[in-house]
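Encoded as structure tokens, the structure appears first; notes follow it.
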2 protein chains.
Amino acid sequence: MSQKPSLHTSLSPALLHLYDLSNSTIVIIDVFRATSTIAAALYNGAKCVIPVDSVPKALEISRNIGGIAAGERDGRIAEGLEHGNSPLEYSRDFIENQTLVLTTTNGTRLLQMALDRNASTIISGSFPNLSAVCDYLISEKRNVVLGCAGWKDRFNLEDTLFAGAVINQVKKYFDIYCDSSLMAETMYVKNKSNLAAFAPKLTHYHRLVERFGLIEDINYCLTADVANVLPIFAEGRLATHQKNL
Amino acid sequence: MSQKPSLHTSLSPALLHLYDLSNSTIVIIDVFRATSTIAAALYNGAKCVIPVDSVPKALEISRNIGGIAAGERDGRIAEGLEHGNSPLEYSRDFIENQTLVLTTTNGTRLLQMALDRNASTIISGSFPNLSAVCDYLISEKRNVVLGCAGWKDRFNLEDTLFAGAVINQVKKYFDIYCDSSLMAETMYVKNKSNLAAFAPKLTHYHRLVERFGLIEDINYCLTADVANVLPIFAEGRLATHQKNL
């Protein structure tokens with residue numbers, strides 16, 4: 001009997017301890033906007049993205065290596081930095097062959113938690129690189145935890161919708177015995193035909209659009225496969241995974 | 001401008017710390033089966049239900065007051081007890097004028113957490129007493145936290161569906177700015193016409209039905225208003241709330 005690998009969804013960093021990461025691939029999901037921005041930067045030719053947990057560390061590392069320090073706190077460019085967390089900032093003209101040193105409220109924190117919990121493999125996922133994530137999970141045939149970054153430990157629907165999109169594509173290759181995953185896929189299937197129309201119902205939408213006017217960011221972050229690379233974490237940095245040929 | 005009270009949904013005890021309980025009514029939700037059993041016992045004339053966190057404490061208190069010790073661990077009658085966590089055990093013949101001393105895996109633990117966090121008012125909710133809960137929340141006009149007990153801190157859908165049922169009935173009386181609540185109501189509306197048919201998809205269903213054959217329990221726990229009382233917590237016990245006339 002060939003047993004399939006398992007797949008679980010962690011709806012918040014505060015629930016991550018419930019899942020065994022040491023034998024799993026974890027997908028870090030921060031749809032608005034860290035993991036969408038990581039996909040965009042790598043797709044547009046960044047050498048790598050170094051996720052860090054503080055603005056001083058971002059400044060120090062970027063100075064040392066000649067990289068670009070960037071990040072946000074509470075949805076806007078962090079004090080002391082010149083570049084933020086908008087995927088639209090990272091065009092090829094700007095980011096090609098550069099190293100991005102990135103600090104964010106939720107996504108980089110979850111990545112650090114996954115490291116602390118000895119995750120076997122860490123990748124980052126977002127709608128812009130949905131297919132690359134799914135292809136990788138199917139080909140690797142390992143247990144998977146879809147890790148939603150949420151907002152300051154609160155559940156959010158945009159990360160859940162992305163988890164649901166992954167589940168919808170990969171489910172026949174996994175044993176899924178997890179109410180969070182069932183819910184995530186249900187919410188995705190119900191809204192997939194028009195994610196942009198659903199977005200105004202989300203709390204985070206109000207934070208980003210009504211306060212900061214970031215409607216173009218939102219639309220980019222909800223569009224599948226526009227930056228279809230696979231960011232994989234190793235030795236302190238996220239870089240594009242090269243398939244073995 | 002008349003501001004409405006707020007309503008939030010906490011999807012797991014591990015997320016409860018994110019919500020301010022000191023100025024709120026919290027609804028303890030453990031659909032399978034603690035809060036359904038509490039509703040059934042009180043509806044059938046129990047004097048009160050004393051929730052406790054351990055089997056020895058349940059035995060000691062019940063001995064001291066001449067009550068009935070009951071409870072479960074991992075879905076079955078706890079070792080050392082004669083009565084479990086099935087609402088069907090607590091018929092009027094058995095429970096009328098008795099005091100039930102109850103210990104459970106998830107629901108009584110969440111209630112203790114709400115106490116520790118100085119919840120202003122604690123009530124218990126389940127499909128069997130859905131309308132009583134909604135009527136109370138509407139009449140009190142206070143902030144509300146719907147607290148899902150989950151399963152050992154994991155998200156579960158049956159508690160979420162009940163939260164969604166409450167939201168569906170009370171939402172026009174509250175300001176709801178909470179992705180968890182939006183998701184809960186969406187899942188409820190999608191499945192409300194046939195909750196029993198949806199139940200076999202739930203992880204907890206398999207625990208209760210495939211392992212212990214508790215299909216009648218499940219059906220009772222998903223039926224609205226069959227034990228329509230309002231259990232309210234005061235002085236260490238849950239008793240039926242008497243409306244002020």
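The values are calculated or read from the model by the stated rules, or taken from the named source; none is laboratory data. Keep in mind that what you see is a predicted model, and the values were worked out from it rather than measured. Here Cβ is always computed from backbone atoms with ideal geometry, including for glycine, and neighbour counts include all displayed protein chains. For accessibility, only protein heavy atoms count, side chains too; no ligands or nucleic acids. Shrake-Rupley method; radii C 1.70, N 1.55, O 1.52, S 1.80 Å.
For this structure, a couple of remarks:
- Relative to the Cα centre, the charge distribution of region B:126-174, modelled as +1 at Lys and Arg Cβ and -1 at Asp and Glu Cβ, gives a dipole magnitude of about 180 debye.
- Accessible area of region B:149-245 belonging to carbon and sulfur atoms, whole % at 1.4 Å probe: 49 percent
- Cβ-Cβ FRET estimate between A:Asn228 and A:Glu82, R0 fixed at 22 Å, reported to 0.05: 0.20
- Per residue of peptide B:10-18, the mean number of Cβ atoms on other chains within 10 Å of the residue Cβ is 5.
- Chain-alone versus full-assembly comparison, region B:159-183, residues with accessible loss of at least 40 Å² (1.4 Å probe): B:Tyr177, B:Asp179, B:Leu182, B:Met183
- Rounded to 10°, Cα long-axis angle of helix B:130-140 versus longest principal axis of chain B: 50 degrees
- Average accessible surface area per residue within chain B, 1.4 Å rolling probe, Å²: 41 Å²
- Under the Karplus curve 6.51 cos²θ - 1.76 cosθ + 1.60, θ = phi - 60°, whole-Hz ³J(HN,Hα) for region B:149-157, x wherever Gly or Pro sits: 6, x, 10, 6, 6, 7, 4, 10, 7
- Just so you know, the averaged projected area of the alpha carbon convex hull for the protein assembly as shown sits at 25.7 nm².
- Crossing angle, helix B:34-43 versus chain B [Cα axis fit, 0-90 degrees, rounded to tens]: 80 degrees
- Each Lys and Arg contributes +1 and each Asp and Glu -1, all at the Cβ; summed about the Cα centre of region A:63-217, the dipole is approximately 380 debye.
- HN-Hα J in Hz across region B:102-112 - Karplus 6.51, -1.76, 1.60, θ = phi - 60°, x for Gly and Pro: 10, 10, 9, 5, 10, x, 5, 5, 5, 4, 4
- Surface share of carbon and sulfur [accessible, 1.4 angstrom probe, percent] for region A:54-130: 44 percent
- Positive end of the dipole of region B:137-198 (Cβ unit charges, origin at the Cα centre): among B:Gly147, B:Leu182, B:Asn194, the Cα lying farthest that way belongs to B:Asn194.
- Fraction of alpha-carbon pairs over 18 Å apart in region A:110-245 - percent: 59 percent
- Computed in the context of the full set of protein chains, the accessible area of region A:1-40 at 1.4 Å probe radius has 46% of its extent on carbon or sulfur.
- Rotational relation A to B, axis-closest Cβ in chain A, residue and distance rounded to whole Å: A:Ala14, 3
- Net charge dipole size for the protein assembly as shown [Lys, Arg +1 and Asp, Glu -1 on Cβ; Debye, nearest 20]: 280 debye
- Rounded Å value of the spacing that divides the Cα centres of region A:215-245 and region B:11-36: 37 Å
- Dipole of chain A, positive direction: furthest Cα of A:Thr37, A:Val133, A:Ile68, with charges on the beta-carbon: A:Val133
- Residue by residue, region B:23-33 carries 3J(HN,Hα) couplings of 10, 9, 8, 9, 9, 7, 10, 9, 4, 10, 8 Hz when phi is fed to the Karplus relation 6.51 cos²θ - 1.76 cosθ + 1.60 (θ = phi - 60°); x denotes Gly or Pro.
- Buried accessible area, chains A and B (both chains, 1.4 Å probe, Å² to nearest 100): 2400 Å²
- Close amide-amide hydrogen proximity is noted between A:Asn143 and A:Ser6, A:Thr25, each under 5 Å apart and 5 or more residues distant or on a separate chain (H modeled in the peptide plane; Pro and chain starts excluded).
- Rounded to 5, percent antiparallel among DSSP beta bridges of the protein assembly as shown: 25 percent
- Extension gain (nm, one decimal) between A:Lys171 and A:Ser193, 0.36 nm per residue minus Cα-Cα: 6.0 nm
- Close amide-amide hydrogen proximity is noted between B:Arg76 and no other residue 5 or more places distant or on a separate chain, at a cut-off under 5 Å (H modeled in the peptide plane; Pro and chain starts excluded).
- For B:Ala69, nonlocal amide neighbours, meaning residues 5 or more places apart or on other chains whose placed amide H falls under 5 Å from its own, are B:Val101.
- Spin-label model distance (nm) - A:Glu140 vs B:Lys4, 7 Å beyond Cα toward Cβ: 4.3 nm
- DSSP beta bridge pairing in region A:1-106, given as percent antiparallel to the nearest 5: 20 percent
- With the simple spin-label model, which puts each label point 7 Å out from Cα in the Cβ direction, the A:Asn219 to A:Asp93 separation comes to 2.0 nm.
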